[in-house]
Structure formats: C-alpha cells, structure tokens
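Engineer: Below: one structure in structure tokens.
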Amino acid sequence: MTTTEKLSRYVLPTYGRFSIAPIRGEGVWLWDSSGARYLDFCCGIAVCALGQSHPRLTAALSHQAGLLLHCSNLYEIPQQADLAELIVERCVSLPGKMFFSNSGAEANDGLIKLARRFGLATPNKNGDARYEIITFTKSFHGRTLGSMAATGQDKIKEGFSPLLPGFVHVPYNDALAVKEAINHNTAAVLLEPIQGEGGVHVAEPDFLLAVKRLCEDHDLLFLLDEVQCGFGRSGNMMGWRSIVPAIEPDAISWAKGMGGGFPIGGFWVSDRLLGDDTTPLSSVLGPGSHGSTYGGNPFACTASHAVLTEILDHHLPANAAEREQQIRREIASWNHPAITQIRGLGLMLGIGLRTELLNAPDGTSPAIHLCTKLMANGLLVPPAGPDTIRFLPPLNLSHEEADHGLSILRATLDELA
Ligand code: PLP
C-alpha cells in the first residue's frame, strides 16, 4: 500500500492533505519521498521557527534524549524551571509565572480556566462568579471543547453542540462592540494580536489600547493568544509589542514556534494583584487546579529553551522584520493584478488574491489551487481561507532564500493569471 492508501485506510479523514510526503529537511529546504526539493514557507504552519535540522536544537535534543526524556511533575524539573525563567525574564519581561502544556489549544484551555477562577475570586455585584469571555469573529483558538467554543468561526464548531457555554463573539478591531458586549457576567477578553487562521488580520493599535482600557475599567482579564504570532514571528519577541509596546497583558498563551517542531505550549500569568491588593493573579490557579502529565517535561523544555535562546541570541525577530520589508517591497514592485494586498507583520504574512484571475477549477478554492501550483514549482505555503495564501518561513530566513521564494510566487502567478 502507498502512504496515501494507508492514510486513507487507517487514519481518520479529518485533514485535507496535499499529495507529497516530506521526509527530510535542512534549514528552509525540504525533500519529499520522490527526492523533489521544496522551499518551505509553511514550516508546519508557523512551527519550525529555526527551519529543519537546526544544529543547536538537534544537539540539545540529542544530548537530552540520552539523559532523561520524561519526568513527572511530581518531581522538580530543572529544564522547566530554566525555560520558565527565560520566558518570564527575557521574553515577556514582566513579573509572572508559567504553566506548560503540549499544544496551543491546551494552552488556551488554561487561559479559559484562569478566567473562570478569576471570575470566582472577583464576583459581580450579586455575589455570583463571573465567567463570560469575549472573543472575536474569525478568531481561531483550537480544537478542544474549550478552545473550540472560544473560536469565532462556525465551521469549526459545526455538529459539536452543546458547546461549552460562556463565550460571546464580536467583530475584530471593533472596540465599541466589545464595550457593548460587556455585562455583569463578563470576566475576560481573549484575542489574537494577529489573527492567523482567520485570514491574517492585524489588531489596530487603537483597538488594542481601547480593549485594554475597557478591561481595566470593568476589571476584566486582558488575555492574548500568541500561539501563532508569538516568540519572534511578528518581528518582536512578543506579538502585541510589535503593535503597541506599552500594553501589559494579564496572561498570554503560546505553542507552535515555541518548540521549533517539538510539541510544547504554555501560558504566562501576570503577578499583578487583584482588586484586594493582596492576591496575585498568578495565584488563582493554585495547587491541584490544573495539570498535564507531559506538560513541561525535560525533553520538550530542552527543545524550547534551545529555540528561544537561538531566537534571542541571533536577533531573529529583527531578521523577521527586515525580511517583511524585503517581501513587501518586492511584491509591491510587481504591481501584479492577482495580488490585492499584503497583511500581517514580520514573517506572518497573508497575501490577498484576486481570485477570479487564478482560474481555479470549479469546486477548488482559489487559494488551494495556487498553493498546489506553487508546490509543483517548489514552494510550500499554506492557505488561509479561499482568497489568501500565507508566508510563514523560518525566522532565520536569508535575503537570498526570501528572493528565491518570491521568484517562484511571481512565476507561478504569471503562469496562472
Ligand atoms: N491559537 C491560534 C492563534 C492558532 O493559530 C492555533 C493553531 O493554529 C491554535 C490556537 C491551536 O493550536 P494547536 O493546534 O497547537 O492546538
């Protein structure tokens, strides 16, 4: 049986897949089972922040694999302590504490539990625990029952009712809609500083500032989902800081690029005090309130520590910002009729398409049609909805590699449009 046949026979059909099987990678390059080579601007959907087979990550994992793979949270885990210190001190640079998970959806479930405990600790005027979380249309927060309910896209939730209650979705970049959605049960606002799966939309600075102010005025948690945009991808170590540097969130979730390809997620919670001026927010998820068998294990934390120190030591957020300018300049110079706009920040870019020019066959999404043609020409990129493709290359992408990817995009668009 071929891989395609085995997948179809033995794996649940939840994913639509392109018909290549990457088996080896080096830097931004991937090779498939037929020996064909691709420039990888997908990176496991913003996961492989350092590309493939990065020497620092490979060495750290090889060393740790021979020492200790897993250890329960029943015991002290030095790698977890070191990673938490690195994230708090050198990445967030605000006093707070970490919880480690294995994925982005799990990290967001943690934020939802934090909001519920916060609402219990700070009840409304009737003495009832607050529990409602305001999230945004086109948002994506994950596939667990909690993170799926938080997600503002009906297609993700179809057929899974009854959903976890307590979520209200309002339009993104609309602070008035947030204000109008706040009621005596509201406990938090959760948002992606740059929406990824929803088509690559960046929060406007005024919107972030207004939501933060509303959170302060109504004693709500200001929660950021940086699962896709975090740890350098936006051109800053923290996604929100690439939009409004001065804002202080109450909690932040991450995954994806955090492990450079090894599964790890987590969330940070601020040490700021609640209204009573004695209880730190980071204490509301106390002993026994949350846990994960694998969360924060030595192997995953070693991976993440190597990835994040490489990103910091080599100023990869600045490289992401430079490559963004290069890509924007080059695409603007084409004035190509099939491209409507470029959205996003750093190396999280969405390229909007004039879909009628792409000649996609009936029943095929224009973005998927273009992705398939780009793949045939040696460039891997993911779609984001029917009219957008994404550039999510490694953060250490060179000028020449960016140029190479751009030349494939231009030639493919000329071929189609
Ligand atoms: N949050 C955001 C912003 C995401 O982009 C994703 C995944 O695409 C998730 C959460 C879910 O992460 P995971 O697939 O690791 O559960």
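The values are calculated or read from the model by the stated rules, or taken from the named source; none is laboratory data. Computed from a predicted model, the values in this text were never measured in an experiment. Cβ: placed from backbone, ideal geometry, glycine included. Neighbour counts: every protein chain shown. Areas reflect the complete protein model, heavy atoms only, side chains present, ligands, DNA and RNA absent. Shrake-Rupley method; radii C 1.70, N 1.55, O 1.52, S 1.80 Å.
Engineer: Of a type in the set (Asp, Glu), more than 16 Å from the ligand (Cβ to nearest atom), open to solvent by 70 Å² or more (accessible area, probe 1.4 Å) and closer than 30 Å to residue 272 by Cα - does that describe any residue in the range 87-94?
Structural biologist: yes
Engineer: I'd like to check something: does the range 97-104 contain any residue that is touching a His at 6+ places or on another chain (Cβ under 7 Å) and either away from the ligand (no atom under 13 Å from the Cβ) or assigned to a loop (DSSP other than H, G, I, E, B) (or both)?
Structural biologist: The initial filter retains those residues of the range 97-104 that are touching a His at 6+ places or on another chain (Cβ under 7 Å), namely 99.
So of that shortlist, the ones also either away from the ligand (no atom under 13 Å from the Cβ) or assigned to a loop (DSSP other than H, G, I, E, B) (or both) come out as 99.
For the range 97-104, residues touching a His at 6+ places or on another chain (Cβ under 7 Å) and either away from the ligand (no atom under 13 Å from the Cβ) or assigned to a loop (DSSP other than H, G, I, E, B) (or both): present.
Engineer: Scan (1) touching a Phe, Trp or Tyr at 6+ places or on another chain (Cβ under 8 Å); (2) part of a helix (DSSP H, G or I); (3) surrounded by fewer than 14 Cβ atoms within 10 Å (Cβ to Cβ) for the single condition residue 62 breaks and write down its number.
Structural biologist: (1)
Engineer: For the range 114-135, does any single residue satisfy the condition of being in contact with a strand residue (DSSP E or B) (Cβ under 9 Å, 6 or more places away or on another chain), free of Cβ contacts under 8 Å to residues at least 40 places away in the same chain, buried (at least 16 other Cβ atoms within 10 Å of the Cβ) and within 20 Å of residue 195 (Cβ to Cβ)?
Structural biologist: No, the range 114-135 contains no residue that is in contact with a strand residue (DSSP E or B) (Cβ under 9 Å, 6 or more places away or on another chain), free of Cβ contacts under 8 Å to residues at least 40 places away in the same chain, buried (at least 16 other Cβ atoms within 10 Å of the Cβ) and within 20 Å of residue 195 (Cβ to Cβ).
Engineer: Within the range 278-295, does at least one residue satisfy the condition of being of a type in the set (Ser, Thr, Tyr), open to solvent by less than 10 Å² (accessible area, probe 1.4 Å), at pLDDT 95 or above and closer than 30 Å to residue 60 by Cα?
Structural biologist: Our first condition is that a residue be of a type in the set (Ser, Thr, Tyr); within the range 278-295, this holds for 278-279, 282-283, 289, 292-294.
Subsequent filtering for residues that are open to solvent by less than 10 Å² (accessible area, probe 1.4 Å) retains none.
Checking the range 278-295: not a single residue is of a type in the set (Ser, Thr, Tyr), open to solvent by less than 10 Å² (accessible area, probe 1.4 Å), at pLDDT 95 or above and closer than 30 Å to residue 60 by Cα.
Engineer: Oh, and also: Within the range 372-389, can one find any residue that is assigned by TED's automatic domain parsing to the domain that holds residue 15, without any contact (Cβ under 8 Å) to a residue 24 or more places away in the chain and under 30 Å from residue 61 (Cα atoms)?
Structural biologist: Checking the range 372-389: not a single residue is assigned by TED's automatic domain parsing to the domain that holds residue 15, without any contact (Cβ under 8 Å) to a residue 24 or more places away in the chain and under 30 Å from residue 61 (Cα atoms).
Engineer: Follow-up. So which residues in the range 323-338 are within 16 Å of residue 402 (Cβ to Cβ) and surrounded by fewer than 21 Cβ atoms within 10 Å (Cβ to Cβ), if there are any at all?
Structural biologist: Hits for the range 323-338 are 325, 326, 328, 329, 330, 331, 332, 333, 334.
Engineer: Then there's this: Here are some conditions: (1) open to solvent by 10 Å² or more (accessible area, probe 1.4 Å); (2) within 25 Å of residue 261 (Cβ to Cβ). Residue 371 meets all but one. Which one does it not meet?
Structural biologist: Only one criterion in (1) open to solvent by 10 Å² or more (accessible area, probe 1.4 Å); (2) within 25 Å of residue 261 (Cβ to Cβ) is unmet by residue 371, namely (1).
Engineer: Within the range 131-183, considering only helices (runs of 4 or more DSSP H) that don't extend past its boundaries, which have at least 1 residues that are in contact with a helix residue (DSSP H, G or I) (Cβ under 8 Å, 6 or more places away or on another chain) and within 16 Å of the ligand (Cβ to nearest atom)? Spell out how you get there, then give the answer.
Structural biologist: Working: elements: 145-150, 154-157, 175-181.
The qualifying helices (runs of 4 or more DSSP H) are 145-150, 154-157.
This table checks each residue for (1) open to solvent by 60 Å² or more (accessible area, probe 1.4 Å); (2) in the same structural domain as residue 389 (by TED's automatic domain parsing); (3) assigned to a strand (DSSP E or B); (4) touching a strand residue (DSSP E or B) at 6+ places or on another chain (Cβ under 6 Å).
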| site | (1), (2), (3), (4) |
| --- | --- |
| 15 | yes, yes, no, no |
| 20 | no, yes, no, yes |
| 31 | no, yes, yes, yes |
| 34 | yes, yes, no, no |
| 39 | no, yes, yes, yes |
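Engineer: Can you report the number of residues in the range 319-343 which are β-branched (Val, Ile, Thr) and part of a strand (DSSP E or B)?
Structural biologist: 3
Engineer: Could you list, in sequence order, all residues of the range 41-59 that are farther than 21 Å from residue 199 by Cβ and surrounded by 12 or more Cβ atoms within 10 Å (Cβ to Cβ)?
Structural biologist: Across the range 41-59, the qualifying residues are 48, 49, 50, 51, 52, 53, 54, 56, 57, 58.
Engineer: Whether any residue in the range 76-85 is open to solvent by 10 Å² or more (accessible area, probe 1.4 Å), assigned by TED's automatic domain parsing to the domain that holds residue 193, hydrophobic (A, V, I, L, M, F, W, C) and closer than 19 Å to residue 192 by Cα is what I want to check.
Structural biologist: Initially, the range 76-85 is screened for residues open to solvent by 10 Å² or more (accessible area, probe 1.4 Å), giving 76-82, 84-85.
Those left that are additionally assigned by TED's automatic domain parsing to the domain that holds residue 193: 76-82, 84-85.
When the remaining residues are screened for being hydrophobic (A, V, I, L, M, F, W, C), the result is 77, 81, 84.
Imposing the further condition that a residue be closer than 19 Å to residue 192 by Cα reduces the set to none.
No, the conditions are met nowhere in the range 76-85.
Engineer: Check the range 193-203 and report whether any residue there is away from the ligand (no atom under 12 Å from the Cβ), in the same structural domain as residue 267 (by TED's automatic domain parsing) and on the phi < 0 side of the Ramachandran plot.
Structural biologist: Scanning the range 193-203 turns up at least one residue that is away from the ligand (no atom under 12 Å from the Cβ), in the same structural domain as residue 267 (by TED's automatic domain parsing) and on the phi < 0 side of the Ramachandran plot.
Engineer: Return the total of residues in the range 294-343 being under 29 Å from residue 366 (Cβ atoms), touching a strand residue (DSSP E or B) at 6+ places or on another chain (Cβ under 8 Å) and touching a residue at least 60 places away in the same chain (Cβ under 8 Å).
Structural biologist: Residues that pass the stated criteria total 6.
Engineer: Restricting to the range 217-231, count the residues that are at positive phi and more than 15 Å from the ligand (Cβ to nearest atom). Lay out the reasoning, then the answer.
Structural biologist: Here is the first cut: in the range 217-231, the ones at positive phi are 219, 231.
Subset that is more than 15 Å from the ligand (Cβ to nearest atom): 219.
Number of matching residues: 1.
Engineer: Just checking, does the range 154-168 include any residue being buried (at least 18 other Cβ atoms within 10 Å of the Cβ) and within 18 Å of residue 91 (Cα to Cα)?
Structural biologist: No; the residues of the range 154-168 include none that is buried (at least 18 other Cβ atoms within 10 Å of the Cβ) and within 18 Å of residue 91 (Cα to Cα).
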